[in-house]
1. Test each condition in (1) touching a Gly at 6+ places or on another chain (Cβ under 8 Å); (2) in contact (Cβ under 8 Å) with a residue 24 or more places away in the chain; (3) of a type outside the set (A, V, I, L, M, F, W, C) for Gly88 and report the one that comes out false.
2. Just to be sure, is Glu99 within 19 Å of Ile7 (Cβ to Cβ), in a loop (DSSP other than H, G, I, E, B) and not basic (Lys, Arg)?
3. Let me spell it out: the conditions are (1) farther than 16 Å from Thr120 by Cα; (2) touching a Gly at 6+ places or on another chain (Cβ under 7 Å); (3) not charged (D, E, K, R), and Gly42 meets all of them except one. Which number is the exception?
4. Considering every residue within the stretch 8-17, establish whether at least one is in contact (Cβ under 8 Å) with a residue 12 or more places away in the chain, surrounded by 14 or more Cβ atoms within 10 Å (Cβ to Cβ) and assigned to a loop (DSSP other than H, G, I, E, B).
5. So which residues in the stretch 19-40 are in a loop (DSSP other than H, G, I, E, B) and exposed (fewer than 15 other Cβ atoms within 10 Å of the Cβ), if there are any at all?
6. Going by the structure shown, is Gly70 within 17 Å of Leu103 (Cβ to Cβ) and either basic (Lys, Arg) or part of a strand (DSSP E or B) (or both)?
7. Can you find even one residue in the stretch 45-55 that is touching a Gly at 6+ places or on another chain (Cβ under 8 Å), in a strand (DSSP E or B) and modelled with pLDDT of 95 or more?
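The values are calculated or read from the model by the stated rules, or taken from the named source; none is laboratory data. Note that this is a predicted model, so its numbers are computed, not measured. Every residue, glycine as well, gets a Cβ built from its backbone with ideal geometry; the counts of neighbours run over all protein chains shown.
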Amino acid sequence: MDRAPRITHISWGRMEVEGLRPGKDFRLYPGGGRAWDWSEHGTSHEPGIRPDEVREFLERGCTTVVLSRGMELRLNVMPETAKLLEDGGVRVHVEETTEAVRLYNRLAETEAVGGLFHSTC
């Protein structure tokens, strides 16, 4: 199993991830990741992370997904998003960003974990 890349730095508006260029928001999964472009699936703080944002985690075989709500918890998660993952047998964790990073890095050591990380509000 490919390991998901570790997040090595998190601060307001900046993240550093193993093997990737520094950026603001990330989509990470076993074997890699990329910048998280909210416009790709029309995500906004309200109503929040959409189901289309997490389908890739199902396709990549993630058994656990960590969704960050931002440093000030302003990013919501649509109930349909968590349900889609849970219906696919995936455990879902929704946390404030710094806590989400800690949890994700711990899970990345032993599980097929994916995550969406928002480094500002």
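1. For Gly88, the failing item is (1).
2. Here the answer is no, as Glu99 does not meet what is asked.
3. Here Gly42 meets the rest and fails (2).
4. Within the stretch 8-17, not a single residue is in contact (Cβ under 8 Å) with a residue 12 or more places away in the chain, surrounded by 14 or more Cβ atoms within 10 Å (Cβ to Cβ) and assigned to a loop (DSSP other than H, G, I, E, B).
5. Of all residues in the stretch 19-40, those in a loop (DSSP other than H, G, I, E, B) come to 19-22, 24, 30-31, 36-37.
The answer is Gly19, Arg21, Pro22, Lys24, Gly31, Asp37.
6. No, not satisfied.
7. So far as the stretch 45-55 goes, no, none of its residues is touching a Gly at 6+ places or on another chain (Cβ under 8 Å), in a strand (DSSP E or B) and modelled with pLDDT of 95 or more.
A quick yes/no check of all residues on (1) within 18 Å of Thr43 (Cα to Cα); (2) of a type outside the set (A, V, I, L, M, F, W, C); (3) surrounded by fewer than 20 Cβ atoms within 10 Å (Cβ to Cβ):
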position: Leu67; (1), (2), (3): yes, no, no
position: Gly70; (1), (2), (3): yes, yes, yes
position: Asn76; (1), (2), (3): yes, yes, yes
position: Glu95; (1), (2), (3): yes, yes, yes
position: Ala112; (1), (2), (3): no, no, no
